[in-house]
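Asker: Could you have a look at this structure, given as structure tokens, before my questions?
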Amino acid sequence: MAILKIIQPNNPTLREKAEPVTTFDEEFQTLVDDMIETMRAAHGVGLAAPQVERSLRVAVIETLPEVDDEGEELETTRDLYVIVNPEIIWESAEMEDGIEGCLSIPGWLGEVSRHQSVLVRALDRHGNKIRLRMHDWDARIFQHEIDHLDGVLYIDRLTDPDNFWTEEEFQEQFGATAEETEDAMT
């Protein structure tokens, strides 16, 4: 496995609609494994193929661990998802504002309104059909990563142009810890 280079908005691949995946061969499986390793090395919770300059409709997502009242991680496993050619086929009417970051826009955070729940139809990494109903933070991550596959960045969906901060500005303005700020990075 290898850690791939994560590109930034000056690279046009981030703004293009990615191509559907049609082959689930060894090369594709290596790409998925490399994306998972890259996401984890960058301390992200999601990574779409366009972010590593591959115009393919695939994203990897790993949920955050559960924590107790004192902020300690509980001994639960994180769920890892590989979604290929995903479509959001249902979204809740309820929206929620939340803070997002992006591995392709390091050092910045912004407030984005997202659907609280979504139903996603996709293929898994082997081409098997899956349907996933996601809620709250997990739904936000899925929407963020699927946006990447359509050439949309979270900065395109800010609730207001003023709701965009450097990590330091966000920590100062809202009293967030560095760990809380890192948890917002997708």
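Each reported figure results from applying straightforward, stated rules to the coordinates on display, with no laboratory input. All values derive from a computational prediction rather than experimental measurement. Cβ: placed from backbone, ideal geometry, glycine included. Neighbour counts: every protein chain shown.
Asker: Dipole size in debye (nearest 20) for the chain around its Cα centre, Lys and Arg Cβ +1, Asp and Glu Cβ -1?
Answerer: Numbers: 15 positive and 42 negative charges, 261 e Å.
Using Cβ point charges on Lys, Arg, Asp and Glu, the chain gives about 1260 debye.
Asker: In percent, how large is the relative contact order of the chain, given Cα pairs closer than 8 Å and 6 or more residues apart? Provide the component values of the computation, followed by the final result.
Answerer: On the way: 364 pairs, mean separation 43.8, N = 186.
It rounds to 24 percent for the chain.
Asker: A further question follows. At a Förster distance of 22 Å, what's the computed FRET efficiency of Glu53 paired with Glu172, Cβ-Cβ distance as r, to 0.05? Before the final figure, lay out each step's value.
Answerer: Numbers: r = 34 Å, r/R0 = 1.53.
With a Förster radius of 22 Å, E is 0.05.
Asker: Just one of (i) 110; (ii) 124; (iii) 164 is volume of the Cα convex hull per residue in Å³ calculated from these coordinates, so which is it?
Answerer: (ii)
Asker: What angle, in degrees between 0 and 90 and rounded to the nearest 10, separates the Cα long axis of helix 136-149 from the longest principal axis of the Cα atoms of the chain?
Answerer: Roughly 50 degrees, rounded to the nearest 10.
Asker: Which residue, Glu27, Glu37, Glu100, has the most motion in a Gaussian network model of the chain that connects Cα atoms within less than 10 Å?
Answerer: Maximum fluctuation in the GNM of the chain, among the listed residues, is at Glu27.
Asker: Using a 7 Å offset from Cα along Cα-Cβ at Ile130, what residues in the stretch 77-98 end up with backbone N under 15 Å from the label point?
Answerer: 78-88
Asker: So, one more: Taking the chain as a Gaussian network, Cα atoms linked when under 10 Å apart, which of Ile99, Ile36, Ile141 shows the biggest mean-square fluctuation?
Answerer: Ile99
Asker: Run the quick spin-label model on Glu16 and Arg121: label points 7 Å from Cα toward the beta carbon, then report their separation in nm to one decimal.
Answerer: 2.7
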